[in-house]
Amino acid sequence: MTALLELAGVSAAYLKARILFDINLVVGEREVVALVGRNGAGKSTTIKAVMGIQVSRTGAVRFAGRDVSRLPAYMIARLGIGYVPEERRVFSDLTILENLEVGRQVARQGAPTWTPELLFEIFPNLAELRHRPAGQTSGGEQQMLAIARTLMGNPRLVLLDEPSEGLAPVIVEQMAAAVGKLKQEGLAVLLSEQNLRFAGSVADRAYVIESGHIRFEGPMRRLLDDAALRRAHLSV
Amino acid sequence: MGFILVQILTGLSSAASLFLVAAGLSLIFGVTRVVNFAHGSFYMLGAYIGLTLVAVFGDLFGRGHLAFWSALLCAALIVGAIGALVEIVILRRIYRSPELFQLVATFGVILVIQDLTLWGWGPQDLLGPRAPDLRGAIMIMGEPLPRYDLVLIAAGPVVLLLFWLLLNKTRFGILVRAATADREMVGALGVNQAWLFTGVFFLGSFLAGLGGALQLPKGGANLLMDFGVLAAAFVVVVVGGMGSIAGAFLAAVLIGQLQAFGVLFVPQSTLVMMFLVMAVVLVVRPFGLLGRPELVGQGRQMLDDPLRPTGWRFKILALVLVALLVAAPLWLGDYGLVLLIDILILALFATALHAIIGPGGLVSFGHAAYFGGGAYAAALLVKYAGTPMSLNLVLAPPAAALLALAIGWFCVRLSGVYFAMLTLAFAQIVWSVVFQWGTVTGGDDGLLGIWPAPWASDRVAYYWLVLACCTAGILALRHGLHSPFGYALRAGRDSPLRAEAIGIDVRRQQWVAFTLSGAFAGLAGGLYAYAKGSVFPNEMAIARSFDGIIMVFFGGVQQLSGPLAGAAALTWLKDLLFRLEMWRLLLGLAVIAVVLLFPQGLAGFLKARFGRFVGIRPELSS
């Protein structure tokens, strides 16, 4: 397996508070990796550290063999990393289609090329709402839009920050199906999750993060089977 | 009836230029969060360049329609390019600085453009060219309306429509709207913000230039256009709602009508009326007619370091400085002392302003009202009560505080740019009252003969008095910010919701701080009146307010000693350059250079560079 994304010795701070300590993490091509941990463990910060937004970081972030740790966020996005933030951050005054347009980038080699129509196949709910301002859609629809908008950039890797947060169970299922579809299309996914059931249903491999340190790394199966491990690092 | 109709049409035609300028200002602010003070200068440049191009094109292609209109368009394009250049060369380097720091740079640009325009076109007002085939007037129900007004009346809606198409039907427009809402997210989606910002600056400056060029046949060109239109454009943007183009149009029409009819009823107070309308709108609709609440968290991208108690080495340094100042008359002549008096007074003024801007997190664009308020309070007491200086200096701060108390009650309901604009509006209202109430305040002629008491009439004695008052005032402000009151104030700035949740009445806290800040500004004003022996409305004018803001940001808004450094540096620099020809150009360039070299302000730079020597721990870099 070749590493698509690699974090080597990454530490990160938000303002002056250090959140991450010496994180080592790898996401392979076509691999779905879950980053699980309790509230405040550093999941979102890890994702933001990849994009280099809102946090200051040290250590190396490599993408497709290239050091991206000194690049601005827009350059990282243009290399093929798609970021879906936890708060979704859809542009609420813009229609669904306009939101997708903001995310659009040129076609990229080694990654599927998306169009609004293709995305509406994965997220059929969005199709009927295409001319509606994003601010007037439900939380689940906004989450789908946030993912679809990022896919318009034709990424090779998608960073999904807490994709199931605050969603109704039926929507969470749709989300899981969508992640499965992305994997099928050949994308790699790094997702942060508190919902272990959701993570377990989509991820190949998992990292457990606690207080800014990686505590476990291995196949998702092993985490699901090891109750003691889960109790130690994940139970509240 | 015909008269009223023509008056309405006149109002609509004067709304056109205003709308163009305001739309550009609003667009630039919406996307880049830069309050572009230089926007009025772009408007002025549009007029002057248009003037030249109309003449040149006329010689080349004959004086037909094509030459005239393409000259105006080219002038606007050139101004757009100048705006883009300002963004690329200056502003792009300082987007990461504290919020509003960029306005110092745009202030430098104003000065540079003023002198370059003077140098290029001379000091006299220039008459605009007439548009071909649009001379004279048409009669509407027996009343004349200049033909050219019809062009202007059409220009507003046409530009509004084009603007709407641009924003809604092009990728650039969609990105602009997205960036107005959440520019960081736009960047994370792969959009290079730098070029988006440059594009926005081009477009905004283009509109300002077009506004300036289009009004040529009506108003010509003069060197006062820049500040003249800036105040009105700010009013339009804020009344319409920051970032709303349709709102800007609506507000421009409203202000245009106000000016057209205001001239009939209260000829000399159109400016007051404009600001009065703005104040009323903001009190009723805090985010303007079509605006929406400012996004929380987008404004403040950078948190200030916590204030630390002053270290003993820094205290010794301060003591040495005070000792040197006390001894200054030993080697400084009269001239030096006058300069030092100015610096001290302005340092107190800037420190008072900084307290509300920095730790308070509220940028007041109208603090001259309290500086001037203190000055006028002292002067009026001399004039009408004949009270002695010591009493007047004691009464000046509470008088200014009373003014700040009344105005602050309205202003602290708002935050961010809306707060800034409302403080500006009130300051302008106070200024116009002083300016126009000649029988009491002396109007433009000011109040003369405000001389210190005999015991302080000697220059050195008065200098020591100023030194004592200003040092005490600055120390008091400093102490206040390190007290629980100051903690609560900063808590309210950094997180209003959490501060409210632990029982701090944030608004009241800000209101009190605003009032106290006004009081100290008033003390500075009182001292200033006696230092000069006179008071003029200038002490309350926009320029004085802006001077204060520039000092605060120039020195470094994140440092308590910032306003001291800013006041000293700027006053000294002005004094140094004032005697030179093109001093504005030099001052402007100096301001821009400092902004580019020290993006944390002078004091911020000094602290980072030399802080450890005086016991200030260098901060962890974030």
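Summary table below
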{"read-out": "Matching residues, segment B:228-253, being over 26 Å from B:A543 (Cα atoms) and of a type outside the set (V, I, T)", "value": "B:S244, B:A246, B:G247, B:F249, B:L250"}
{"read-out": "Search result, residues across segment A:126-143 that are in a loop (DSSP other than H, G, I, E, B) and not polar (S, T, N, Q)", "value": "A:L129, A:R130, A:H131, A:R132"}
{"read-out": "Residue within segment A:18-34 that is within 14 Å of chain B (Cβ to nearest Cβ) and closer than 20 Å to A:E162 by Cα present", "value": "yes"}
{"read-out": "Of the criteria (1) more than 30 Å from B:A328 (Cβ to Cβ); (2) assigned to a loop (DSSP other than H, G, I, E, B), which one B:I450 fails", "value": "(1)"}
{"read-out": "Unmet criterion (only one of (1) within 10 Å of chain B (Cβ to nearest Cβ); (2) touching a Ser or Thr at 6+ places or on another chain (Cβ under 7 Å); (3) free of Cβ contacts under 8 Å to residues at least 60 places away in the same chain) for A:V84", "value": "(3)"}
{"read-out": "Subset of segment A:100-121 [within 8 Å of chain B (Cβ to nearest Cβ) and crowded, with 22+ Cβ neighbours inside 10 Å]", "value": "A:V102, A:G103"}
{"read-out": "Of residues in segment A:122-152 being over 25 Å from A:E185 (Cα atoms) and buried (at least 18 other Cβ atoms within 10 Å of the Cβ), the one nearest to the other protein chains (Cβ to nearest Cβ)", "value": "A:A134"}
{"read-out": "Selected residue [outside any strand (DSSP E or B) and either under 22 Å from B:A181 (Cβ atoms) or of a type in the set (F, W, Y) (or both)] from A:R70, A:R108, A:R88", "value": "A:R88"}
{"read-out": "Members of segment B:58-104 that are closer than 21 Å to B:G556 by Cα, of a type outside the set (S, T, N, Q) and modelled with pLDDT under 90", "value": "B:R92, B:R93, B:I94, B:Y95, B:R96, B:P98, B:E99, B:L100, B:F101, B:L103, B:V104"}
{"read-out": "Qualifying residue in segment B:132-142 (condition: part of a loop (DSSP other than H, G, I, E, B) and in contact with a His (Cβ under 9 Å, 6 or more places away or on another chain))", "value": "yes"}
{"read-out": "Matching residues in segment A:87-99 - criterion: being buried (at least 19 other Cβ atoms within 10 Å of the Cβ) and facing chain B (nearest Cβ under 7 Å)", "value": "A:R89, A:F91, A:L94, A:E98"}
{"read-out": "Qualifying residue in segment A:185-194 (condition: within 30 Å of B:N168 (Cα to Cα) and buried (at least 22 other Cβ atoms within 10 Å of the Cβ))", "value": "no"}
{"read-out": "Of all residues making up segment B:175-221, the number that are in a loop (DSSP other than H, G, I, E, B), surrounded by 21 or more Cβ atoms within 10 Å (Cβ to Cβ) and within 7 Å of chain A (Cβ to nearest Cβ)", "value": "3"}
{"read-out": "From A:A107, A:A60, A:A73, A:A13, residue being touching a residue at least 24 places away in the same chain (Cβ under 8 Å), aliphatic (A, V, I, L, M) and touching a Gly at 6+ places or on another chain (Cβ under 9 Å)", "value": "A:A60"}
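The values are calculated or read from the model by the stated rules, or taken from the named source; none is laboratory data. Everything quoted here is computed from the prediction, not taken from an experiment. As a convention, Cβ positions derive from the backbone with ideal geometry for all residues, glycine included, and neighbour counts pool all protein chains shown.
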